[in-house]
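Here, each number is a calculation from the coordinates, and none is a lab measurement. Keep in mind that this is a model prediction, so the values were computed, not measured. In this analysis, Cβ positions are derived from the backbone assuming ideal geometry, glycine residues included, and neighbour counts consider all displayed protein chains.
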Amino acid sequence: MLKIMFILIFAAAIYWLIRHRLHVKLAADLAEKALYPVSKDEFDTLLIPADWKEMKPITKQSKSYQMVKWGTAVLALCMFGAVWLILTADSPEYYVLNIVYAFISIIHLVKHPGNLYMLPEGMILNGRYYAYRKVKGFSAEEIDRPHALYGLDSRINGAFKLTVRLKNHYSGERFAVVEDEEHLNKITGLLKQKGVPDLSVSPVPPAEAIKSRF
């Protein structure tokens with residue numbers, strides 16, 4: 001039973017690795033058509049959790065992309081080897097915890113750094129493409145006291161948290177930090193042009209609802 005359970009865990013991990021690799025490849029192809037960011041100034045103003053460093057372009061020549069490309073293949077082979085070891089070992093529980101711990105650490109290296117791209121038909125969030133029709137909306141808020149992010153890094157104090165909410169997704173919220181209001185307005189302006197609603201603005205109640213209150 002223990003062997004079957006861990007084989008299923010490793011199978012799920014391999015499935016996630018392959019899907020992540022394919023999503024990042026698609027993102028690298030589509031990023032060439034980006035409406036935002038394009039210039040160095042636009043990249044520099046986008047800060048990605050949790051290191052709060054400037055966003056780096058996602059290209060097939062970048063070090064981060066190559067890490068995903070080759071790291072996925074190597075890690076998948078190692079997982080197949082681990083499955084074989086667990087199946088053939090007399091005491092698989094001796095190896096399991098160490099193997100799982102090692103793989104969790106390596107997956108963090110294979111995972112592509114966060115990013116945010118505005119495209120003509122959709123957007124890239126953390127290495128994955130979403131059509132605008134799959135985006136529920138966005139919200140923006142200043143990072144000031146007592147905001148939860150305030151104080152985590154000096155660069156994000158006084159900046160703006162841009163949150164994007166997705167439809168029908170198990171983890172439907174993504175966010176990045178924009179250092180200044182000018183660039184924030186560029187991003188939110190593009191989102192509004194594409195029909196993505198601003199969820200931080202309370203809807204104005206219809207006239208009938210107002211009248212009914214009196």
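At a glance:
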| read-out | value |
| --- | --- |
| Ordering of 8-14, 146-152 by burial proxy (mean other Cβ atoms within 10 Å per residue, highest first) | 8-14, 146-152 |
| For the stretch 28-55 versus the stretch 6-23, the gap between their alpha-carbon centres in whole angstrom | 27 |
| Residues with amide H under 5 Å from that of V135, placed H, sequence gap 5 or more | K167 |
| Per-residue ³J(HN,Hα) for the stretch 49-60, Karplus 6.51 cos²θ - 1.76 cosθ + 1.60, θ = phi - 60°, Hz, x for Gly and Pro | x, 9, 7, 6, 9, 4, 5, 9, x, 9, 9, 6 |
| The stretch 13-18 - phi-based ³J(HN,Hα) in whole Hz, Karplus 6.51/-1.76/1.60, Gly and Pro as x | 5, 5, 4, 4, 4, 5 |
| Exceeding the 18 Å Cα-Cα cut-off - candidates K40/K136; K69/K167; K63/K161; K25/K63; K25/K56; K25/K53 | K40/K136; K69/K167; K63/K161; K25/K53 |
| Net charge over other residues, Cβ less than 11 angstrom from the Cβ of N157 (K, R count +1; D, E count -1) | -2 |
